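A quick write-up on the structure given underneath.
The values are calculated or read from the model by the stated rules, or taken from the named source; none is laboratory data. If you're wondering where the values come from, they're calculated on a predicted model, not measured in any experiment. Backbone-built Cβ (ideal geometry, glycine too); neighbour counts: all protein chains shown. The protein model used for the area step is the full one, side chains on, heavy atoms only, and it has no ligands, DNA or RNA in it. Shrake-Rupley method; radii C 1.70, N 1.55, O 1.52, S 1.80 Å.
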Amino acid sequence: MKNKKIVGGLVALGMAGLVLVAADHIDAPSSMGTTADIADFFAFEPSEGSDNTVFVVDVQSNVLPELAYGTFDEDILTEINIDTDGDLVEDLVIQAVPRNGRMYFFGPVAPLQTGLSSEVLIDFPLGDVEISGSTAIVETTNSGISLFAGPRQDPFYFDFFQFNAVAGGMAPGGFKTVGEAEDTFDGANTLSIVLEIPNSELGTPSSTNILGIPVYKTWVTTNRKQ
């Protein structure tokens, strides 16, 4: 299977009962409850005018601060896809694969094949990092690429229960003000894969955004080992 989310997309929340466990961005049943389930994907420059790009992939885990941290599934390949010519087909990929408590990164390099199937590009190692627990661990390679994998607080801010009340006609006053709204997901965690990489490693951006700033067309996928 290959599970896909386009950067900037919104994901509908599923069963309300699961919100009490963690911020749960549920996908198809085949990926639900595993780290094949992509929660969020972010791609951005770390500061204005930076020559680097940061990629953040948050994947599903039912983790709260008082519970033991979840683990990455070792049969799941996470792949960041980058389009450099504007045809919405991946020209470069960056891969992340967990093994024995470490996250191994490969690429960026042209994939052996595009579309729904992938192979681990073991001939193009990018670096690796110990998967963090309660203390964050970041590795920086000789090429200036920073790597991280481990639990992070879920960035999804949403007053879920008030939203349900409004949608169900049970809140005649509508949504709460900014000062009254509650972040239902405060304290909930995801498992994150993060890397900051020089743009020189990614080629020339294929388009510009509404501000006229060059941007990469990029999305993330997960593959399960067959």
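Laid out as a table, the results:
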quantity: Top-ranked residue in region 196-224 [being part of a loop (DSSP other than H, G, I, E, B) and under 19 Å from the mean Cα position of the chain (by Cα); ranked as nearest to residue 138 (Cα to Cα)]; calculated: 202
quantity: Sole exception among (1) open to solvent by less than 40 Å² (accessible area, probe 1.4 Å); (2) within 30 Å of residue 187 (Cα to Cα); (3) in a loop (DSSP other than H, G, I, E, B) for residue 115, by number; calculated: (2)
quantity: Selected residue (criterion: surrounded by the fewest Cβ atoms within 10 Å (Cβ to Cβ)) from residues of region 137-179 that are over 29 Å from residue 105 (Cβ atoms) and small (Gly, Ala, Ser); calculated: 179
quantity: Residues of region 136-173 satisfying the condition of being modelled with pLDDT under 90 and within 22 Å of the chain's Cα centre (by Cα); calculated: 151, 152, 153, 154, 155, 156, 157, 158, 159, 160
quantity: Close pairs from region 133-155: first assigned to a strand (DSSP E or B), partner among the hydrophobic types (A, V, I, L, M, F, W, C) and surrounded by fewer than 17 Cβ atoms within 10 Å (Cβ to Cβ), Cβ under 8 Å, at least 6 apart; calculated: 146/138; 147/138; 148/136; 148/137; 148/138; 150/136; 150/137
quantity: Residue match in region 170-184 (condition: part of a helix (DSSP H, G or I) and touching a residue at least 60 places away in the same chain (Cβ under 8 Å)); calculated: no
quantity: Scope region 41-61; condition buried (at least 21 other Cβ atoms within 10 Å of the Cβ), under 14 Å from residue 218 (Cβ atoms) and not hydrophobic (A, V, I, L, M, F, W, C); matching residues; calculated: 53
quantity: Total residues in region 121-135, condition at pLDDT below 90 and open to solvent by less than 80 Å² (accessible area, probe 1.4 Å); calculated: 1
